[in-house]
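Below is one structure, written out as structure tokens, with a few remarks after it.
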Ligand SMILES: [Mg+2]
């Protein structure tokens with residue numbers, strides 16, 4: 001089954017509000033996994049894999065957020081470009 005169909009089935013089964021909450025939970029898990037990297041002097045393979053696992057969870061949930069909110073891809077691309085241009089300006093300014 002295509003990824004999009006699986007995600008649509010999840011939104012259909014659990015509902016948009018519940019999946020938005022789930023997205024928040026997964027974002028929190030990614031935050032925790034990244035913060036754990038600062039606990040030790042060296043990053044273990046397990047620590048890195050934990051981040052990769054949570055990135056996958058977050059990517060799946062973000063895709064569902066796009067569906068739930070019917071996000072316009074053009075609007076999303078404009079924001080993406082705007083944010084990247086701002087980052088580039090910051091890098092260029094040395095700030
Ligand atoms: Mg997770």
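No lab work stands behind these numbers, since they all come straight from the coordinates. The shown structure was predicted, so the numbers you read here are calculated from the model rather than taken from an experiment. Every residue, glycine among them, receives a Cβ derived from its backbone with ideal geometry; neighbour counts consider all protein chains shown.
Scan region 20-35 and report the pairs whose first residue is more than 15 Å from residue 59 (Cβ to Cβ) and whose second residue is surrounded by 12 or more Cβ atoms within 10 Å (Cβ to Cβ), with Cβ atoms within less than 7 Å and a gap of 6+ or a chain change.
Correct list of pairs: 20/65; 20/68.
Out of the residues in region 37-57 that are farther than 15 Å from residue 25 by Cβ and within 12 Å of the ligand (Cβ to nearest atom), state the one that is surrounded by the fewest Cβ atoms within 10 Å (Cβ to Cβ).
Ranking the candidates gives 52 first.
Considering every residue within region 5-15, establish whether at least one is under 17 Å from the mean Cα position of the chain (by Cα), loosely packed, with under 11 Cβ neighbours inside 10 Å and without any contact (Cβ under 8 Å) to a residue 12 or more places away in the chain.
no
Return a yes/no flag: does region 65-75 have any residue that is free of Cβ contacts under 8 Å to residues at least 60 places away in the same chain and within 16 Å of the ligand (Cβ to nearest atom).
Looking through region 65-75, at least one residue is free of Cβ contacts under 8 Å to residues at least 60 places away in the same chain and within 16 Å of the ligand (Cβ to nearest atom).
How many of the residues in region 37-91 are out of contact with any helix residue (DSSP H, G or I) (no Cβ under 7 Å at 6 or more places or on another chain) and assigned to a loop (DSSP other than H, G, I, E, B)?
The qualifying residues number 11.
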